[in-house]
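Let me begin by presenting the structure, written as structure tokens, before commenting on it.
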Amino acid sequence: MKDAIEASNLAKTFVTREGGLLFRGKKRVVEALKGVSFEVRRGEVFGLLGPNGAGKTTTIKILSTLLLPDAGDAWVNGYHVVKEASKVREAIGVSLYSDRGFYWKLSGRENLLYFARLYHLDEKTAKERIKYLFELLDLKADADRLVEEYSTGMKSKLNIARALLHDPPILFLDEPTIGLDPNSARKVRETVLELKKEGKTILLTTHNMFEADMLCDRVAVISKGRIVDVGTPSELKSKVAEHKVVEVTLLGFDDKVTGKLSGVQGVIGVAARVRDPVAGVAEVKVVYDGDSSIRDILTLLLNESLKVLSVKNLEPTLEDVFVTLTGERLEES
Ligand SMILES: Nc1ncnc2c1ncn2[C@@H]1O[C@H](COP(=O)(O)OP(=O)(O)O)[C@@H](O)[C@H]1O
Ligand SMILES: [Mg+2]
């Protein structure tokens, strides 16, 4: 049997005009995907890990037939996403981060019943399925409250429940825990693992390295429309296991500092997260060779007109794989 999902050289460019539709301003061309390829095996939880703008949502939209690729091919459940789109749709459930398409004046249960009818589920099957999904997502107590009273976490869980109504073998979850309170986020992560046990194939996107590490069998690291590496979380981390990681909080930071740090002997990757652009407060992560010394790094920083506020040694994580491969950090301030 073919892989559950196969993406081959997907490309997508967006052309927009600054100023919107009325004021025809300068053309802006964004190459969102520049040839993205990967495979997801059946029963696997596969993560697309990358920062904002990397191309994660675009990839999910193409695979779930919501957007046409400019070039490349993809198959989901063995069907081509462009030529056999309706077959693909039968096999998938999609929960997009931006999607809040619920009826606010209906209860959670009524909303799901409505969508179940759209899927042509018979009434009895629908009711049982909905009961099961409310239990799975820990929404039982809120099932009969109006959606307008739902918290963000409850709406996100309802969104996942909706994606699962027709019991599809393949599930797409776009940033399933972004903006959620810790309890809802935990519940969503537990649900992903529960669904994996049921045998579902799950493709999720995240910019949270802990989430990718915790949930995913394999992770594709994506940056600026390209997949830069794929592997199990431990395979990816083993690539930086020989490295050391230090995070320095600086006052008076500017962009030149990262360039200078990159030039220090033994430094493999540098990336900054600016906390306060006016004062120049930044947390700068430096991945460096295990054999070279931290002294060279600190000497450089102490010679600049900078103030070192703190220095922390860190265990290598998936973010350090990312820093090493791309020179970016996963989460901005
Ligand atoms: N409909 C669109 N029109 C114009 N640009 C878009 C559109 N959708 C996405 N983009 C751009 O494509 C790039 C990738 O976006 P996206 O796939 O949403 O990234 P991610 O989900 O990883 O944050 C970004 O630069 C984004 O601004
Ligand atoms: Mg996105």
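The values are calculated or read from the model by the stated rules, or taken from the named source; none is laboratory data. This structure is a prediction, so every number in the text was calculated from the model and none was measured. With ideal geometry, Cβ positions are generated from the backbone for all residues, glycine too; neighbour counts draw on all protein chains shown.
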Worksheet item: Got a sec? Which strands (runs of 3 or more DSSP E) wholly within region 249-314 have at least 2 residues that are under 26 Å from the mean Cα position of the chain (by Cα) and over 23 Å from residue 325 (Cα atoms)?
Response: none
Worksheet entry | Identity of the residue in region 164-187, in contact with a strand residue (DSSP E or B) (Cβ under 8 Å, 6 or more places away or on another chain) and more than 16 Å from ligand 2 (Cβ to nearest atom), that ends up farthest from residue 77 (Cα to Cα) | 165
Fill in: Among the residues listed as 47, 25, the single one being of a type outside the set (D, E, K, R), in contact (Cβ under 8 Å) with a residue 24 or more places away in the chain and either on the phi < 0 side of the Ramachandran plot or more than 10 Å from ligand 1 (Cβ to nearest atom) (or both)
47
Fill in: Filtered residues of region 31-77 (kept if within 14 Å of ligand 2 (Cβ to nearest atom) and assigned to a loop (DSSP other than H, G, I, E, B))
50, 51, 52, 53, 54, 55, 64, 66, 67
Item to complete: Inspect region 84-99 for any residue being among the aromatic types (Phe, Trp, Tyr), within 16 Å of ligand 2 (Cβ to nearest atom) and either buried (at least 21 other Cβ atoms within 10 Å of the Cβ) or touching a residue at least 40 places away in the same chain (Cβ under 8 Å) (or both) and give the result as yes or no.
Response: yes
Item to complete: Look at residue 221 and say whether it is closer than 21 Å to residue 321 by Cβ and in the same structural domain as residue 58 (by TED's automatic domain parsing).
Response: yes
Discussion item. Residue 257 - would you say it is in contact (Cβ under 8 Å) with a residue 12 or more places away in the chain and touching a helix residue (DSSP H, G or I) at 6+ places or on another chain (Cβ under 6 Å)?
Written reply: no
Worksheet item: Does residue 295 count as charged (D, E, K, R) and surrounded by 14 or more Cβ atoms within 10 Å (Cβ to Cβ)?
Response: no
